[in-house]
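Only one structure is covered here, and it is reproduced in the block below.
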Amino acid sequence: MKNKPSKRFALILLAILAFGFILTQTAVGAVLLSSPWWVYFVLAGILLSGYLSIKYSLEDKRTEQEWIENEGNIYMQRLEEERERRKISKG
């Protein structure tokens, strides 16, 4: 658990450094600096929307898989109870 925040911090720091390099050392920086400010909000919204979509899709899949496993266990219990009931009624 302790390793995960340090990896996240390292990735964030790397992204900041890469963005700083692109902004200062390439022609892309000139294009980015000449764009209107609201364009950045739109791009950030698109990226955030994509991230949240993936995050909640994976969470939904996990929840659905847990529900399916739970229902399968309930079904198997019912089958076992029915087998036991039939075994008692025969014997």
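Rounded to the nearest 500, what is the chain's calculated 222 nm mean residue ellipticity when only DSSP H runs of at least 4 contribute -39500 (n - 2.57) each, over all residues?
So the helix-based figure for the chain works out to -33500 deg cm²/dmol.
Roughly how big is the range 36-91's charge dipole about its Cα centre, with Cβ charges of +1 (Lys, Arg) and -1 (Asp, Glu), in debye to the nearest 20?
260
Please work out how much length the chain gains when fully extended from Tyr75 to Ala30, using 0.36 nm per residue of separation minus the C-alpha to C-alpha distance, in nm with one decimal.
Net length gain for the segment: 9.9 nm.
If I require 18 Å or longer along the helix axis, counting alpha carbons, and a Kyte-Doolittle average no lower than 1.0, what helices from the chain are left? Use full DSSP H segments.
Span-like helices in the chain: 3-25.
Calculate, for Asp60 and Lys4, the FRET efficiency according to 1/(1 + (r/R0)^6) with r their C-beta to C-beta distance and R0 30 Å; round to the nearest 0.05.
According to the calculation, E is roughly 0.85.
None of the figures in this text is laboratory data; all of them are computed from the coordinates on show. Note that the coordinates shown come from a computational prediction; the quantities given were computed from them, not determined experimentally. Glycine gets a Cβ as well: all are built from the backbone with ideal geometry, and neighbour counts include every protein chain shown.
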